[in-house]
Amino acid sequence: MRNKTPILLLLMAHCIFAYAQPSVVKPGWNIAVGLNCRTVDSVLVSRCNLGLFANADTLHGLQVGLFTSVARRDLQGSNLGGLFALSLGNGSGVQGSGLVNAVGQRMHGFQLAGLSNVAGSVQGVQLAGVSNISRSTLHGIQMSAVSNTATDVNLGMQASLVTNISAGQMRGIQVGSYNYADTVHGVQMGLFNVCIANPRGFQIGLVNYSRDTLHHSYGLINIHPNTKIDLMLFGGTSSMFNTALRLQNGSLYNIIGIGTHYTGLDKKFSGVVYYRIGRRFRITDRWSYGVDLGFHHIETFKGQNINTSERLYSIEPRFTTDFLLAKSLGLHLVLGYESTRYYGGEIYRQGALFEAGLAFRLRPVFSRGTSPYFYPTNKYSLRADLIIRHPWLAAAEVMLINTGVHLFDRFVLNEDYAQTTSHSIVDNFRNAFVWDNDMFNTNMFAHPYHGNLYFTSARANGMNFWQSYPYALGGSLMWEFFGEATPPSINDVFTTSIGGAALGETLFRISALPLDDSRRGMARLWRELLSGIINPMRALNRIITGDAWRVRPKGNRYHDYERLPINIVLSTGTRYLADKGALFRGEYNSYVNLLLNYGDPFSSENKPYDFFSLETTLGFFGNQPAVNTIHLVGQLWSTPISSGKDTDIKFGIYQHFNFYNSEVVKDGTDIVPYRIGEAASVGAGLIYRLPQAGNLSRLEQRIFINGVILGGSLSDYFHILQRDYNLGSGLSAKAQTMMQFGRFARFSLGADFYKIWTWKGYDEERVKRLDDQEYANAQGDVGNAALFILNPRLQVNLARHLLFDLNGSYYYRRTYYRDHPNVNVYTFEVRAGLTFEL
């Protein structure tokens, strides 16, 4: 896998360079044989073109490329490529490839791709493993596993497992988990359906939203702007503590809610989710009453050794009354009857019930602008890039880092691995390289962070991104051979150097944001401290040069907000992590989530990490790790494919760093919900944006496919020293769709897939006989692990910079073992809180 990655990236670059320059049609590589002729206007037409890199001016016939197949103008016939198939003009016929198909203008025919199809407009069929995009009208069928996007759908169909988007008119059918259309003249079928208007259409789903009317919406929950929404908090004789939403359209209302500590069952692991439908009538301006019928699903566990829950259900007719205490606050009382049974039919209990609580009227706020970026209100003077390169000082700092850490580990912590001698150094050269047995946090996070210190030593001394990488690699090799008495680890070299470069460039750029050399006193001190916490090596070099206290009236800032805008989002709230997917056996803990978007992915800036997105989640209290997730994607190189008033498409090469970690749920089973790391990863990405898509103020989609040079995945059987996970290489694919609903709300849907192969196993008997298990030298259990993550997120504006944040994640892991039984595990988590955005 590591040897194939550079070749794959080279092929991607060749193919996309041809597609990215439609204004100047240049011949590219044509390592192929074919039959060609010229027309009267001197256009070179290819009738047949077969080879490794098939490249033709105009195709009227058959073109097959083992790697790429490119028609620089129009396509009529069959355009087939092993990796990519591209046509810059119109397409008529069949286009197929293993990864991506693209037609610059109109596609009339059939597109089949393993990853994604892109076309200006489509009259025909698009089938893809991940996503389909029609930049204009779709007249036909789009089918994919993750997402379909079109500006308009005219007598067509969009079908996917996750999301379908028609930014304008939708005259046809949408079938998926989430469907969006501006105007529906057909049918939306899914779990969640959203449209602005549906004058002649229908919505059939779990939750339907329409801005104009609900006459054609059929679902458990139907919402439009006049829907009255109440947040209800109450207790009762059936479930002790309850939270619910009541949605009322006219006199008809629905209630969806959740309650815990179902009376008579386990107080630690029991609860209920319910749905009720009824009618409500007003008596006076303050008094109202209602009647409803509800279905309640109940789960309970008897303890942590019980892997499956006991499930019950209850049918409950109720009489309700509400008294308005204030404009947005009311008293809620319920008297009803419950008939609760086990799903097998046995009666649990029957009798009267009573509930009482408060109802709060929710009022959405339309107050946010559409720009997500932060710009300083005061004028600033940008410091020119006059830093002189000091390569030897950077090398000395790398050696200083290793020496300082080694001395601390050896004499303060008295660690065995730090007791190095000349003999241990010789042994290290003799035994290099092995797969080590450090903890997951150490290998997948601590080592990349350590590499970031090497990398930023060079960046702070004037080196650019590529010039700084050898310092991360050299620092890692120095530590492996001279800093430890254990055999040098090959996985540490990859994670420290490649992962360290990713974290290092990110933190180096972020540390520039607070710096302002025009400030004095405490304002200056706090800025220098914050920058130093983010990037210690930058702070050290500012102290060495005196920049940490030097005052400059001009050239005092280190970041250009106009060229590289910044978006910072901070969220905090409560998180629930389920144990093996159980509704009411899980763990609650507080969280803080930080999302930083640096630069604009569609700008002309093209240096490494001129655009990146960093998101991290920290957990507090409970049994879960302090660092829950880290997600980083950074642009290494990019080129525009299409840029215009209505559509922007950009292709690039991106570096990825991902870290998911969890621990067993407190008082639950001994199953770890999820654990996977992508410390060294690079691949291709396609970012697509409609600046104004109908009533959507923003529609953006990102698709990435990567080669994972080194990653780690939880093992159910491998336990040597501190390791309970497998190491290996593989691939990952990510798709994210982001929608901004004007100044009201935003919605995003992400889907991530990771596949890690482990091929170097171990002999259990041999490992047991080893005097030092550091010499086990195993990646883990031979096999492969797949992790799928689905992540919907809804944010609703409450005030100018304040949003309500509801975020869910579904995790599914399937691990195939050569020598052990296979394991399938799934779970979910829900986060609810508040978001503050600069």
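The values are calculated or read from the model by the stated rules, or taken from the named source; none is laboratory data. Keep in mind that this is a model prediction, so the values were computed, not measured. Counting neighbours? That spans all protein chains shown, and the Cβs are built from the backbone with ideal geometry, glycine included.
Quick one: which residue in 760, 755 is not small (Gly, Ala, Ser) and not in a strand (DSSP E or B)?
760
How many residues does segment 725-759 hold that are under 22 Å from residue 796 (Cβ atoms) and of a type in the set (D, E, K, R)?
Result for segment 725-759: 2.
Taking the condition of being farther than 20 Å from residue 594 by Cβ, touching a strand residue (DSSP E or B) at 6+ places or on another chain (Cβ under 6 Å) and part of a strand (DSSP E or B), how many residues in segment 640-666 meet it?
Final tally of qualifying residues: 10.
Which of the residues that make up segment 567-624 are of a type in the set (Phe, Trp, Tyr) and under 30 Å from residue 636 (Cα atoms)?
598, 602, 609, 611, 612
So for segment 76-84 (the condition being among the hydroxyl-bearing types (Ser, Thr, Tyr) and closer than 20 Å to residue 642 by Cβ), does at least one residue qualify?
For segment 76-84, residues among the hydroxyl-bearing types (Ser, Thr, Tyr) and closer than 20 Å to residue 642 by Cβ: absent.
Take residue 597 and decide whether it is in contact with a Pro (Cβ under 8 Å, 6 or more places away or on another chain) and either of a type outside the set (D, E, K, R) or surrounded by fewer than 19 Cβ atoms within 10 Å (Cβ to Cβ) (or both).
In short, yes.
Take the conditions touching a Lys or Arg at 6+ places or on another chain (Cβ under 7 Å), buried (at least 18 other Cβ atoms within 10 Å of the Cβ) and either polar (S, T, N, Q) or at pLDDT 90 or above (or both) and apply them to residue 558. Does it pass?
So residue 558 does not fit the description; no.
Residues to consider are 836, 804; find the one that is surrounded by 15 or more Cβ atoms within 10 Å (Cβ to Cβ) and more than 16 Å from the chain's Cα centre (by Cα).
804
Being assigned by the TED database to the domain that holds residue 732, at pLDDT below 95 and within 24 Å of residue 559 (Cβ to Cβ): is that true of residue 610 here?
It is false that residue 610 is assigned by the TED database to the domain that holds residue 732, at pLDDT below 95 and within 24 Å of residue 559 (Cβ to Cβ).
Is it the case that segment 611-623 has a residue that's part of a loop (DSSP other than H, G, I, E, B), on the phi > 0 side of the Ramachandran plot and more than 18 Å from the chain's Cα centre (by Cα)?
Taking every residue of segment 611-623 in turn, at least one turns out to be part of a loop (DSSP other than H, G, I, E, B), on the phi > 0 side of the Ramachandran plot and more than 18 Å from the chain's Cα centre (by Cα).
Would you check if residue 535 is in the same structural domain as residue 637 (by the TED database) and either surrounded by fewer than 19 Cβ atoms within 10 Å (Cβ to Cβ) or at pLDDT 95 or above (or both)?
Spelling it out, it is not the case that residue 535 is in the same structural domain as residue 637 (by the TED database) and either surrounded by fewer than 19 Cβ atoms within 10 Å (Cβ to Cβ) or at pLDDT 95 or above (or both).
Looking at segment 416-426 only, could you name the residues that are over 11 Å from residue 483 (Cβ atoms) and either not β-branched (Val, Ile, Thr) or not in a helix (DSSP H, G or I) (or both)?
Passing the criteria: 416, 419, 421, 422, 423.
Scan the strands (runs of 3 or more DSSP E) fully inside segment 39-94 and keep the ones with 1 or more residues being in the same structural domain as residue 126 (by the TED database), in contact with a Lys or Arg (Cβ under 6 Å, 6 or more places away or on another chain) and more than 23 Å from residue 685 (Cα to Cα).
44-56, 58-71
Could you please give the count of residues in segment 451-466 that are buried (at least 24 other Cβ atoms within 10 Å of the Cβ) and over 20 Å from residue 544 (Cα atoms)?
So the count comes out to 1.
Take the residues of segment 85-101 that are at pLDDT 90 or above and of a type in the set (A, V, I, L, M, F, W, C): which is nearest to residue 38 (Cα to Cα)?
In this case the residue turns out to be 86.
Counting only residues that are of a type in the set (Gly, Ala, Ser), assigned to a strand (DSSP E or B) and out of contact with any Phe, Trp or Tyr (no Cβ under 8 Å at 6 or more places or on another chain), how many does segment 168-210 have?
The total comes to 6.
Applying the selection to segment 732-775, what residues are buried (at least 19 other Cβ atoms within 10 Å of the Cβ), farther than 19 Å from residue 656 by Cα and among the β-branched types (Val, Ile, Thr)?
758
Could you list, in sequence order, all residues of segment 386-443 that are surrounded by fewer than 12 Cβ atoms within 10 Å (Cβ to Cβ), small (Gly, Ala, Ser) and within 30 Å of residue 558 (Cα to Cα)?
404
Can you tell me which residue in segment 489-515 is surrounded by the most Cβ atoms within 10 Å (Cβ to Cβ), limited to those that are more than 11 Å from residue 680 (Cα to Cα) and more than 25 Å from the chain's Cα centre (by Cα)?
489
One residue is enough: does segment 710-732 have a residue meeting the conditions basic (Lys, Arg), closer than 25 Å to residue 678 by Cβ and not in a strand (DSSP E or B)?
No, segment 710-732 has no match at all.
Which of the residues that make up segment 218-229 are under 31 Å from the mean Cα position of the chain (by Cα), assigned to a strand (DSSP E or B) and of a type outside the set (Val, Ile, Thr)?
Residues satisfying the conditions are 219, 220, 222.
Of 574, 495, which residue is modelled with pLDDT of 95 or more, of a type outside the set (Phe, Trp, Tyr) and either assigned to a helix (DSSP H, G or I) or more than 30 Å from residue 728 (Cβ to Cβ) (or both)?
None of the others qualify; the one that does is 495.
Of all residues in segment 733-744, how many are part of a strand (DSSP E or B) and more than 19 Å from the chain's Cα centre (by Cα)?
Count: 1.
Could we say that residue 680 is at pLDDT 90 or above, touching a helix residue (DSSP H, G or I) at 6+ places or on another chain (Cβ under 6 Å) and assigned by the TED database to the domain that holds residue 629 here?
In short, yes.
Provide a single number: the residues in segment 742-777 that are at pLDDT below 90 and either of a type in the set (Asp, Glu) or out of contact with any Lys or Arg (no Cβ under 9 Å at 6 or more places or on another chain) (or both).
Going through segment 742-777 one residue at a time, the tally reaches 15.
Among the residues of segment 229-243, is there at least one that is touching a strand residue (DSSP E or B) at 6+ places or on another chain (Cβ under 6 Å) and over 30 Å from residue 288 (Cβ atoms)?
No - not one qualifying residue is present in segment 229-243.
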